[in-house]
Amino acid sequence: MALRQVDAVSSVSSGTNDNCLVSVGQRDRMEATKDPSQLLDVERLEHYAARPGFRISEITIKTRQKIPWHCHSNIQDTFYVIEGKVRIFLRDPKEEVNLAPGEIYSVRAKRPHLVTNGGQSSATFVILQGMGEYDFVPLT
């Protein structure tokens, strides 16, 4: 299977907001957490590797499940789809990315995003998160 990189986004910090991009106002953010498991609607979440500043997880979501709007203060999310289809909605700027097996996409730190299943069956993807201290900042 050939690896097709959909769009690599370099990690860029706005420097003006310590949690998320400036367009996400304080009223739109909730408290950052190190363990978002209670906020995630997923079929399966498996952490394979974790070390200071970097971690690798595998997530499976059913057709109607999602990872809600959020951002990360310091880390970039890199998605690699194993099976099914994954749809990522982004803000700043507004964008929609559809990924199939073998495709990869990176979301820079501070960029708000929502992850959903983009197909008719369960979707499984690996997510690489780094470099930096992990947090999950829920957004409304």
Practice task
Of all residues in segment 78-98, count the ones that are farther than 10 Å from ARG111 by Cα and not in a loop (DSSP other than H, G, I, E, B).
Solution key: 14
Exercise for the section: Please verify whether segment 33-43 includes one or more residues that are modelled with pLDDT of 95 or more and not in a strand (DSSP E or B). Expected result: no
Practice task
Could you please find all residues in segment 70-121 being within 11 Å of the chain's Cα centre (by Cα), touching a residue at least 60 places away in the same chain (Cβ under 8 Å) and surrounded by fewer than 19 Cβ atoms within 10 Å (Cβ to Cβ)?
Solution key: SER106
Exercise for the section: Kindly indicate whether TYR48 is hydroxyl-bearing (Ser, Thr, Tyr), surrounded by fewer than 16 Cβ atoms within 10 Å (Cβ to Cβ) and not in a loop (DSSP other than H, G, I, E, B). Expected result: yes
Practice task
Under 6 Å between Cβ atoms, at least 6 apart or on separate chains: pull out the pairs that start in segment 122-139 with a residue that is among the hydroxyl-bearing types (Ser, Thr, Tyr) and end on any residue that is buried (at least 18 other Cβ atoms within 10 Å of the Cβ) and not in a loop (DSSP other than H, G, I, E, B).
Solution key: SER122/THR60; THR124/THR60
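The values are calculated or read from the model by the stated rules, or taken from the named source; none is laboratory data. Fair warning: this is a prediction, and the values are worked out from it, not measured in the lab. Note: ideal-geometry Cβ built from the backbone for every residue, glycine included; neighbour counts use all protein chains shown.
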